[in-house]
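Computed from the coordinates by the stated procedures, all read-outs in this text should not be read as laboratory data. Everything quoted here is computed from the prediction, not taken from an experiment. Cβ atoms come from the backbone with ideal geometry, glycine included; neighbour counts cover every protein chain shown.
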Amino acid sequence: MNDLLASIWSPTRNDLWLCAPELALVGTVTAVLLVCLSAKRSGRLAAVVSLIGVLVTLLLTRAVAPSVANGGQTAMTPQDASPILLADNFTVFFRTLLMFFLGAVILLWLIGQSGRRGDLRPEVRPAPAGPEFFVLLLSSALGMILMTSTTNLLVMLIAIETASLPSYAIVAADKRSRAGAEASLKYILFGAASASIMVFGITLLYGSLGTLDLAAGMAKVGAGKAVLGPAAWLGLAATGAGIIFKIAAVPFHFWCPDVFEGAPIEVTTWLSVASKAAALGLLIRLVGTMTTATTDLMGPLAWGIGILAAVTCTIGNLAALKQESVKRMLAYSSI
């Protein structure tokens, strides 16, 4: 069995080094899981362990940065296959951004728990969370980092679901809140629908391009070895719809206000920035890959994204002006 696995892929020391920040985050999740299994089950202890893990991840990100400063390196490439993950300056930037924001959210929770919670308005009161909350939060962050580090469509789907599934749960972190449970259910339903559409799109792209690696597929198109027919365009549209859902762009924004309003304040803060940043990073990565391989796509993609951005910004900000709830205003303004 070991020989079979080694023939498929045997990670090198360089692979492991380039992915050290992600491995540190996995180690942090494991450490917090041990806190969950301990007799004390302290939410504060889990928060402190998580904060230490975030700091270690940031330090490793800084240490890895010089290795990818000159144009980037490919990380995690199985034998005779396309790369699974990419390590470059773009990856380092989003790792750093997401880890800084994750640390800020954990600090927000700790400050809210150490103060007089009763003095805070209910909508901005942090949820009394156990250690499992931080397992889910860290897992969500790991998925978001992976989203910005790949052009492999299958890995992209796995990364999006790794980010999404824990997010569905932490929306309902306050077990006493009925609004949180309803928001979580809505988020799950919309998320399942968008994931189904994305899987359909990836299937069409694989059938049209003959590979799950978007960079390799678009290189075939640029070299004239493959053609973007109707099925491929439909696949791009369906895959893009799943990413647009994560950004909460029009017309896939309906989940956002209800989810943000029902979630605890620290979860609302996390989703309003981190999930949007990760999805935007993924979109930039994929669009850059496609337009680099073939310039024929530059015009249609530029027009499509430009119109979508203009409509989304207009509708989101006009709707935000009418809101009285801070969370709903934050939701609409982040659309």
Q.
Please compute the modelled spin-label separation between residue 323 and residue 74, points set 7 Å along Cα→Cβ, answer in nm with one decimal.
A. 4.3 nm
Q. How far apart, in nm, are two points set 7 Å out from the Cα along the Cα-to-Cβ line at residue 33 and at residue 113?
A. 2.1 nm
Q. If you wrap a convex hull around the C-alpha atoms of the chain and split its volume per residue, what is the figure in Å³?
A. 145 Å³
(Q) Between residue 42 and residue 178, what's the calculated FRET efficiency when r is the beta-carbon distance and R0 is 25 Å? Round to 0.05. (A) 0.40
Q) Label-point separation (nm) for residue 200 and residue 315, each offset 7 Å from Cα along Cα-to-Cβ? A) 1.9 nm
Q.
Is there a quick way to get the dipole size of the chain? I mean about its Cα centre, with the Cβ of Lys and Arg at +1 and of Asp and Glu at -1; what is the value in debye to the nearest 20?
A. 840 debye
Q: Using only Cα atoms, tell me the angle between helix 153-171 and the longest principal axis of the chain; keep it within 0 to 90° and round to the nearest 10.
A: 10 degrees
Q. So how tilted is helix 276-293 from the main axis of the chain? Cα-based, degrees 0 to 90, rounded to 10.
A. 10 degrees
Q) Mind listing the phi-derived Karplus ³J(HN,Hα) values for the range 263-272, rounded to whole Hz, using 6.51, -1.76 and 1.60 with θ = phi - 60°, and x for any glycine or proline? A) 7, x, 4, 5, 6, 4, 4, 5, 5, 5
Q | Helix 89-114 vs. the chain, principal-axis angle (Cα, 0 to 90°, nearest 10) | A | 10 degrees
(Q) Given contacts defined as C-alpha pairs under 8 Å and at least six residues apart, what's the relative contact order of the chain, whole-number percent? (A) 16 percent
Q) For residue 192 and residue 307 in one chain, what is 0.36 nm times their gap in residues minus the Cα-Cα distance, to one decimal in nm? A) 38.8 nm
Q: Just order 147-160, 172-185 by mean Cβ neighbour count inside 10 Å, highest at the front, would you?
A: 147-160, 172-185
Q) Which listed residue (212, 193, 223) has the Cα farthest towards the positive end of the charge dipole for the range 157-223, taking +1 on Lys and Arg C-beta and -1 on Asp and Glu C-beta about the Cα centre? A) 193
Q: Please count, across the range 13-333, the pairs of lysine residues with Cα atoms under 21 Å apart that sit 8 or more places apart or on different chains.
A: 9
Q. For the chain, what is the calculated [θ] at 222 nm in deg cm²/dmol (nearest 500), taking -39500 (n - 2.57) for each run of four or more DSSP H residues and dividing by its residue count?
A. -23500 deg cm²/dmol
